[in-house]
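One structure is given below, represented as C-alpha cells, and several questions about it will come after.
The values are calculated or read from the model by the stated rules, or taken from the named source; none is laboratory data. The structure presented is a predicted model; accordingly, all values stated were derived computationally and were not measured. When we count neighbours, we look across all protein chains shown, and the Cβ atoms used for this are built from the backbone with ideal geometry, even at glycine.
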Amino acid sequence: MHHAFKLGDAEHNVELSRSSSDYRLHWNDLSLDIDLTSMADGRSFLSIAGQPHEVVIATRGDDVFVHFDGEAYELRYRHPLDRLAAQSLGSAEDIVRAPMPGSVVALNVAAGDAVAKGQVLMVMESMKMETTIVAPRDGVIASVAFEKGQTFDRDALLLSLEPNA
C-alpha cells in the first residue's frame, strides 16, 4: 500500500506490505520489518528490524505525533492532490503546536527574536520525558503563548512565527 507522509518540511513516499509476522516498510532503497506493540501498562514499543524502541504515540485525524529517542515528530498523511497544491504555494508553517500535553521547562526565545530553522525554541516535559521544540523555518517569533512552568494540552499553540523583515 502506497502512502505519502510529511515529516517536518520533507515529503516522504513510503509503502507498507505484510510480512510473515509483522509489516515491512519500504522507503527509498530500504526495506525494514516493523511492528508496533502496545503493552498492558500503556507503554508502546516500535520494533524496527527487530530492535524495540519505546515510543509515545498520539493521533489527531491524519496527524500522528511520535515521541522517539527524546525527540517529538509529527507525521501527517498527505493526499497526493493536497501535496501538489501545497507545492505550488511554497509556504511554511507559521505556528508551532504542542505534540502532546506537557509543561514548559525551558524557554529560549521571546517575541521579536529572529530564529533559524532547527533552532531550539523551548524544551517541554511530558510524562517525565523532555522534548525539544525547534523552529520549523527561519522567521521572527510573533508570539509565545506559555511561560516556563506553565502547562498546556496537546495541540495547544505554543509559538507563532512571521517572516523576517
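Looking only at the stretch 33-79, count every residue that is over 14 Å from the mean Cα position of the chain (by Cα) and in a strand (DSSP E or B) and tell me the total.
Residues flagged as over 14 Å from the mean Cα position of the chain (by Cα) and in a strand (DSSP E or B) within the stretch 33-79 amount to 15.
Something else about it: Can you list residue pairs whose Cβ atoms sit under 8 Å apart, with the first residue in the stretch 135-162 being assigned by TED's automatic domain parsing to the domain that holds Val123 and the second being polar (S, T, N, Q) and in a loop (DSSP other than H, G, I, E, B)? Count only pairs 6 or more apart in sequence or on different chains.
Here the result reads Ala135/Gln119; Asp138/Asn164; Gly139/Asn164; Val140/Asn164, each pair linking the stretch 135-162 to a residue that is polar (S, T, N, Q) and in a loop (DSSP other than H, G, I, E, B).
Let me ask something additional. Evaluate the following for Ala10: is it surrounded by 15 or more Cβ atoms within 10 Å (Cβ to Cβ) and modelled with pLDDT under 80? Write out each step before concluding.
Details: surrounded by 15 or more Cβ atoms within 10 Å (Cβ to Cβ): no; modelled with pLDDT under 80: yes.
Criteria not met by Ala10.
Select from the stretch 143-158 the residues that are out of contact with any Leu (no Cβ under 6 Å at 6 or more places or on another chain) and surrounded by 13 or more Cβ atoms within 10 Å (Cβ to Cβ) and list them in ascending order. Steps first, please.
Keep residues of the stretch 143-158 that are out of contact with any Leu (no Cβ under 6 Å at 6 or more places or on another chain), which gives 143, 146-147, 149-158.
Those that are out of contact with any Leu (no Cβ under 6 Å at 6 or more places or on another chain) and surrounded by 13 or more Cβ atoms within 10 Å (Cβ to Cβ): Ser143, Phe146, Thr151, Phe152, Arg154, Asp155, Ala156, Leu157, Leu158.
Looking only at residues in the stretch 102-129 that are at pLDDT below 90 and not in a loop (DSSP other than H, G, I, E, B), which one is nearest to Arg154 (Cα to Cα)?
Checked the stretch 102-129; the qualifying residue nearest to Arg154 (Cα to Cα) is Ser126.
Any idea which residue in the stretch 110-133 is farthest from the chain's Cα centre (by Cα), counting only those that are within 18 Å of Asp94 (Cα to Cα) and buried (at least 18 other Cβ atoms within 10 Å of the Cβ)?
Val115
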